[in-house]
1. By how many nm would the segment from Asn248 to Leu298 grow when fully extended, if each residue of separation counts as 0.36 nm and the alpha-carbon distance is taken off?
2. Report, in whole Å, the centroid distance computed from the Cα atoms of region 604-632 and region 400-439.
3. Taking only pairs that are 8 or more places apart or on different chains, how many Lys pairs in the chain have Cα atoms under 26 angstrom apart?
4. Longest exposed-loop-site-free stretch of the chain, with trypsin sites (Lys or Arg not before Pro), DSSP loop and at most 16 other Cβ within 10 Å?
5. Mind giving me the FRET efficiency for Leu391 and Arg258? R0 is 41 Å, r the Cβ-Cβ distance, nearest 0.05 is fine.
6. Using a basic spin-label model with each label point 7 Å from the Cα along Cα→Cβ, how many nm lie between Thr322 and Leu343?
7. Report the gain in length on full extension from Ala477 to Ser372: 0.36 nm times residue separation, minus Cα-Cα distance, nm rounded to one decimal.
8. If you average over every viewing direction, what projected area does the convex hull of the Cα atoms of region 64-220 give, in nm²?
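The values are calculated or read from the model by the stated rules, or taken from the named source; none is laboratory data. Just so we're clear, the structure is a prediction, and the values are computed from it rather than from any experiment. A quick note on method: Cβ atoms are made from the backbone with ideal geometry, for glycine too, and the neighbour counts reach across all protein chains shown. In case anyone asks, the SASA skips ligands and DNA or RNA and just uses the protein heavy atoms, side chains included. Shrake-Rupley method; radii C 1.70, N 1.55, O 1.52, S 1.80 Å.
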Amino acid sequence: MKNTLLATALLAGLAMTATAAADQADATLEPVIVTATRTAITADEALSSVSVITHDDIVRLQPVSLVDLLRGLPGVTITQSGGIGEQTSLFLRGTNSTHTLVLLDGIRIGSVTAGLAALEQIPVDQIERIEIVRGPRSSLYGADAIGGVIQIFTKHGQRNGGLPSSDPLPSLSVTAGSHGLAGGQFGVSGGDSHAWYNLNLGGEYTSGFPTCRMGAAEVGAGCFADDPRNDAYRNWNGLLDAGYRWDNGTELAVTGLRSKSYVEYGGSPYGGNRALEEQRVAGARLSFAPLDPWKVTLSAGQSRDLSSTAYQGTYYGMYYPTTATGYTRSRRNQASWQNDFSLGSNQLLSAGVDYRQEHIASSTGYLASTVSDTGVFAQYQGTFGRNEVQLSARHDHNSQFGNHDTGAVAWGYRFDHGLRLTASYGSAFHAPTFNDLYYPPYYGVASANPNLKPETSRSAELGLSQQGEGWNWALNAYQTRIHDLITLNDVYYPENISQARIRGLEAQAGATLAGWRVQGYLTLLQPKNDGGASDPNNGKLLARRPERTVRVDLDRHFGAFGVGATFYAAGKRFDDAANRHHLGGYATTDLRASYAFARDWSVSARLANAFDRKYETVWYFNQPGRTWFLTLRYSPAAH
């Protein structure tokens with residue numbers, strides 16, 4: 001792809017510019033992250049590849065969904081069966097979509113039946129920041145973190161810097177756009193020297209477009225129906241966050257998010273063509289220090305994924321009124337006890353216990369409905385001169401699949417001028433989902449495999465990075481081998497393949513050039529079935545994962561005005577394990593502008609897919625063409 005080569009050249013130029021500035025620049029102030037080690041460190045201290053999306057990034061990029069924020073970041077591939085609110089899958093470093101652990105304020109989220117987090121149902125207006133950690137993290141978090149961990153932090157109130165109570169700060173945004181899009185958010189936050197609170201309410205509507213492109217000659221394509229109607233989407237959401245910090249450092253925090261959506265999609269009387277979906281997440285965290293070198297964190301939470309489907313319309317000449325087709329209720333209860341011990345200068349030992357119970361209730365007759373997991377973990381972090389070391393180990397007992405042991409080791413070395421070398425090795429595992437194991441036969445055809453084995457992985461990585469004031473670059477190479485990888489065959493029957501081998505190279509570079517902020521990302525991926533001669537798909541690419549992706553962001557401010565653009569390109573991919581259904585490569589360009597026309601007031605505009613490129617990320621499912629969005633925002637700060 002010419003576009004890929006052009007962006008690669010730009011990344012190389014940025015990296016050389018950054019290196020040339022090394023002798024003249026000081027280190028930038030790094031954001032604090034907690035996902036990489038379950039403890040607070042700076043992003044520069046992480047011995048894994050991490051990305052942080054801040055609140056300022058969200059305002060600058062003007063996303064209307066999580067897809068807009070995450071697409072094109074290193075190692076991230078996203079597929080979507082249509083537009084806003086339609087089913088979304090994320091593949092991190094070429095692993096399966098069920099191999100990325102998603103946390104919301106520290107709480108696991110996602111459907112227990114399908115094993116996926118409904119990223120499309122998380123309102124972007126309620127997000128404060130996102131941390132992405134690439135590479136295996138089962139030694140800290142247990143199952144599912146083969147490709148990595150994504151943690152979403154919702155908006156929260158702020159303590160008022162030790163001052164007396166401040167007046168409540170309201171915030172407001174209103175958005176309009178293509179396909180009848182209308183949305184808004186209103187919030188109130190505040191705090192004093194000890195307490196903080198935040199309350200946000202929001203909603204969104206779009207009339208949508210036909211998600212499914214059905215062709216009579218294609219058997220089994222798309223949504224198995226010819227439905228030319230627009231597929232609408234509505235969402236209502238609310239967030240509550242509050243906390244209190246005592247003088248001795250003890251802190252109590254609570255959070256709760258509820259997001260309810262009505263989604264239309266192409267379908268049939270058998271699977272429905274509309275759904276009512278709801279995400280509920282609630283949790284509490286208490287942290288205190290019994291002794292100076294010992295910190296205790298107790299947390300508990302629950303996530304619920306609720307879905308009911310129905311069909312309304314004409315199917316093969318017969319009209320169906322709104323008719324229920326099924327429901328699923330997922331519930332996940334979880335609790336954690338973590339202890340952090342300071343062993344001296346730059347040495348920290350963490351140890352704890354995690355407990356998780358998952359339960360489903362459904363119109364589908366699953367053979368089992370409950371599973372539980374208990375994990376015990378320990379981690380050591382130490383710095384010795386220029387050397388940094390992290391060691392972690394975990395033992396999980398799963399009520400279905402018994403015991404699993406995972407571990408990881410990472411080492412880093414700091415050279416002069418901010419140059420840093422890292423190396424790591426880790427293992428991970430993933431247990432089959434309820435759908436994989438127990439989904440009943442569909443018209444006599446088996447849809448589940450009770451003989452599936454858990455997936456296990458081994459990953460090795462080598463990284464080199466450097467950064468300074470206003471510039472950065474990083475290069476990471478890795479290989480992951482997944483044993484007993486679960487895939488769907490031609491008739492959508494899940495089965496284990498003996499092995500998959502994923503090799504990848506991730507590059508990123510950023511700098512400020514002539515007043516322009518430029519940040520670029522490149523991912524080269526080789527996600528292959530390595531099942532051996534007996535596997536008919538041996539050597540084929542894993543489904544829906546492109547071998548190349550590129551993203552470049554450019555932004556600049558001219559006083560109260562801001563302008564920017566995002567270029568994204570993805571190479572070809574295949575929609576099936578046998579590599580028969582080809583999805584072509586494509587490139588899109590987004591343009592944006594903003595204007596702060598008064599104190600605390602701004603207006604912003606975004607033109608997505610400005611050149612109206614046609615493409616698919618899922619076979620026979622449409623993607624939006626050229627679309628526009630306009631947002632008015634009121635966001636005061638304490639004065």
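1. 16.3 nm
2. 35 Å
3. Within the chain, the lysine pair count is 13.
4. It runs 1-228.
5. Numbers: r = 39 Å, r/R0 = 0.96.
With R0 = 41 Å, the Cβ-Cβ based efficiency is 0.55.
6. So the two model labels end up 6.1 nm from each other.
7. Numbers: separation 105, 0.36 × 105 = 37.80 nm, distance 3.52 nm.
Once the chain is fully extended between Ala477 and Ser372, it gains 34.3 nm.
8. Averaged projected hull area, Cα only: 12.4 nm².
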